[in-house]
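Take a look at the structure set out below.
What follows is calculated from the coordinates using simple rules that are stated; it is not laboratory data. In this text, all values refer to a predicted model and were calculated from it rather than measured experimentally. Ideal geometry is used to build each Cβ from the backbone, glycine not excepted, and the neighbour counts take in all protein chains shown.
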Amino acid sequence: MRVTFHITRADGNTPHPAILSCSSFEPTLTATLESLARSGVKQVVVIPVSFVTEHVETLHEINIEAREEAEKLGIEKFRMMPAVGDSPKFIAALADVVLHAMGRESSAAEPLH
């Protein structure tokens, strides 16, 4: 998860600050929201990078409970990016990883590199 976070930030095309938080290590999402609210932040986007499909943690804990907490703290805009699920690009990327591990060429119609 930490690697994914740093890779997504590496190109420098995102001008907004980013903070990695998680329910299983510090800072937690709740602690991060509290800190952001104290700093006057009014908008947040939560990107659950460790999940490829929606489930109870993304749908309820993040998108409902964390959203409610953010509202209580004065954060006015809370967005959660959806999981990649069965996105064709994601499936092609998985196929590419598997084929590469097997020593084969990628057969993806749309290169992802």
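Between ILE64 and HIS100, the FRET efficiency from the beta-carbon distance, with R0 = 41 Å, is close to 0.60.
Close amide H partners of MET80, meaning residues 5 or more places away or on another chain with modelled amide H under 5 Å apart, are VAL46.
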